[in-house]
Amino acid sequence: MPPFYSLRYEHREADHERRFNALGLGKVWFYEHHTTASAKADRLFPLYSYSSNLESGNAEFSLLWPLAEYKSRQGVMTSASLLWWLASYDRPDQTHSNFHFFGSSKMTMVRRVRSPTESTFELNPVFPLYRYRNETGRGNSWDLLGGLMGIDSTKDRSRVKLFWLLSI
């Protein structure tokens, strides 16, 4: 039986595959580097992990998960996060994106959401302080102090909102 600190290197020229492992036994290794003609993977457990598919352009990286994480599809970032709740960015497709800072729900401190029909920015330190919303075909609006005061604007008119209920 080899010692725990053993090293292993494999090279298969026919498959264009290389594998290097260190600090482990059998299938359990703390460090692994694996390269094929179409993919690369590198891992140092539990510190970091990286993988990429050269044909599809997809890649993933994590550092002391959940400290930092990054994912991309076809060379374009699709998600990134820092401490999974401190700051996160998601871009599921070309037209949608979500950014959250200090939280991950609707009551996050800073929230920015974009889609083809709507764009929203919110600032919520302890309570809802400021919100701006722009909707295609409907107009835009902004609110202060959770709707205490604000303005709704459309093509036809603008309304001033005071004290949640009163509209001018």
Unmet requirement for Phe102, which otherwise passes all of (1) on the phi < 0 side of the Ramachandran plot; (2) among the aromatic types (Phe, Trp, Tyr); (3) assigned by TED's automatic domain parsing to the domain that holds Ser153; (4) surrounded by 14 or more Cβ atoms within 10 Å (Cβ to Cβ): (1)
Condition test on Val113, is it buried (at least 16 other Cβ atoms within 10 Å of the Cβ) and assigned by TED's automatic domain parsing to the domain that holds Gly137? yes
Would you be able to say whether some residue in segment 80-101 is more than 30 Å from Tyr130 (Cβ to Cβ), among the aliphatic types (A, V, I, L, M), outside any strand (DSSP E or B) and at pLDDT 90 or above? no
Across segment 54-67, what is the number of residues that are more than 28 Å from Leu7 (Cα to Cα) and assigned to a strand (DSSP E or B)? 1
Members of segment 46-79 found to be at pLDDT 90 or above and among the β-branched types (Val, Ile, Thr), listed by number: Thr78
Any residue that is among the basic types (Lys, Arg), buried (at least 16 other Cβ atoms within 10 Å of the Cβ) and without any contact (Cβ under 8 Å) to a residue 60 or more places away in the chain - is there at least one of those in segment 135-151? no
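Yes/no per residue for (1) more than 30 Å from Ser6 (Cβ to Cβ); (2) out of contact with any strand residue (DSSP E or B) (no Cβ under 7 Å at 6 or more places or on another chain); (3) assigned by TED's automatic domain parsing to the domain that holds Glu17; (4) crowded, with 16+ Cβ neighbours inside 10 Å:
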position	(1), (2), (3), (4)
Tyr31	no, no, yes, no
His34	no, no, yes, yes
Asp42	no, no, yes, yes
Pro46	no, yes, yes, no
Ser52	no, no, yes, yes
Glu69	yes, no, yes, yes
Val76	yes, yes, yes, no
Glu122	yes, no, no, yes
Pro125	yes, yes, no, no
Identity of the residue in segment 52-72, of a type in the set (Ser, Thr, Tyr) and touching a Phe, Trp or Tyr at 6+ places or on another chain (Cβ under 8 Å), that ends up farthest from Glu32 (Cα to Cα): Tyr70
Options Thr154, Thr95, Thr108: the member that is within 30 Å of Ala39 (Cα to Cα), β-branched (Val, Ile, Thr) and not assigned by TED's automatic domain parsing to the domain that holds Ser51: Thr95
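The values are calculated or read from the model by the stated rules, or taken from the named source; none is laboratory data. Being a predicted model, the structure only gives us computed values, none of them experimental. Virtual Cβ from ideal backbone geometry, glycine too; neighbours counted across all protein chains shown.
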